[in-house]
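As structure tokens, the structure follows; a few thoughts come after it.
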Amino acid sequence: MPTPAAIRILVVDDHPFLREGVRAVVETQPDMRVVGEAESGDAAIRLHAELMPDVVLMDLQMPGLSGDQAITAIRKRSPGARIVVLTTYDGDAHALRALRAGAAGYLLKSSLRKDLLQAIRSVHAGGKHLDAHIATDIALHVVSEAPSEREIAVLSLAAQGNSNKQIAFRLGISEDTVKAHMKALFSKLGAADRTHAVTIAAKRGLIDL
């Protein structure tokens, strides 16, 4: 019987220790091998085109292009690319953005040793792999109404310490409209006040602090 070809993997992360850790786990497996490493989104796009790996392990937060942007660019050039996100971001909004960009898997770095090999094999075989905690959060929030882009813009400015008057001026709307957006946000996020709304939105990945 012929031996199946090893799954060729590209690791993308700006932290060398993480890349070394992933390589150490992967190279214990006879059916996998790391064929390249990149420390930025730009390098990931270039190396993917050069190496054409079977699976890409992609961080989200990196210098230059973000992981989401790199995923979009890689998938535009190679629609069949199989990409697993490795991240510390456990918010459902982060995960949804990555999946919409074209990722087939979303794995928290805290679960690497437990779930990494299964995720690689599943995605390589054409399936998807979603961290159980993230999947639960997505399921909980998918039935609720998502904040609009304008509401997110209002909350982002509030998170930066702007008053309702300042938010109104910066967005070219009235203070009453800002208050209406805040009221809607409290309802959609299940928040008691502005600070609570900012905390919830940041945890879910709806805004960046």
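The values are calculated or read from the model by the stated rules, or taken from the named source; none is laboratory data. The structure presented is a predicted model; accordingly, all values stated were derived computationally and were not measured. When we count neighbours, we look across all protein chains shown, and the Cβ atoms used for this are built from the backbone with ideal geometry, even at glycine. Quick note on the areas: whole protein, heavy atoms, side chains included, nothing else; ligands and nucleic acids left out. Shrake-Rupley method; radii C 1.70, N 1.55, O 1.52, S 1.80 Å.
Quick notes
- Residue, farthest from ASN164 (Cα to Cα), within segment 188-201, restricted to residues that are open to solvent by 70 Å² or more (accessible area, probe 1.4 Å) and assigned to a helix (DSSP H, G or I): THR199
- Test: MET58 is within 21 Å of ARG121 (Cβ to Cβ) and open to solvent by 70 Å² or more (accessible area, probe 1.4 Å): no
- Scope segment 22-44; condition under 20 Å from the mean Cα position of the chain (by Cα) and open to solvent by 30 Å² or more (accessible area, probe 1.4 Å); matching residues: GLU37, GLU39, ASP42
- Residues in segment 122-139 that are touching an Asp or Glu at 6+ places or on another chain (Cβ under 8 Å) and open to solvent by 20 Å² or more (accessible area, probe 1.4 Å): HIS124, HIS129, HIS133, ASP137, ILE138.
- Counting only residues that are open to solvent by 40 Å² or more (accessible area, probe 1.4 Å) and not charged (D, E, K, R), segment 64-113 holds 11 of them.
Yes/no per residue for (1) within 23 Å of ASP137 (Cα to Cα); (2) assigned to a loop (DSSP other than H, G, I, E, B); (3) under 28 Å from the mean Cα position of the chain (by Cα); (4) of a type outside the set (A, V, I, L, M):
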site	(1), (2), (3), (4)
LEU157	no, no, yes, no
THR177	no, no, no, yes
PHE186	yes, no, yes, yes
LYS203	yes, no, yes, yes
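- Matching residues, segment 83-122, being in contact with a His (Cβ under 7 Å, 6 or more places away or on another chain) and small (Gly, Ala, Ser): GLY105, ALA119, SER122
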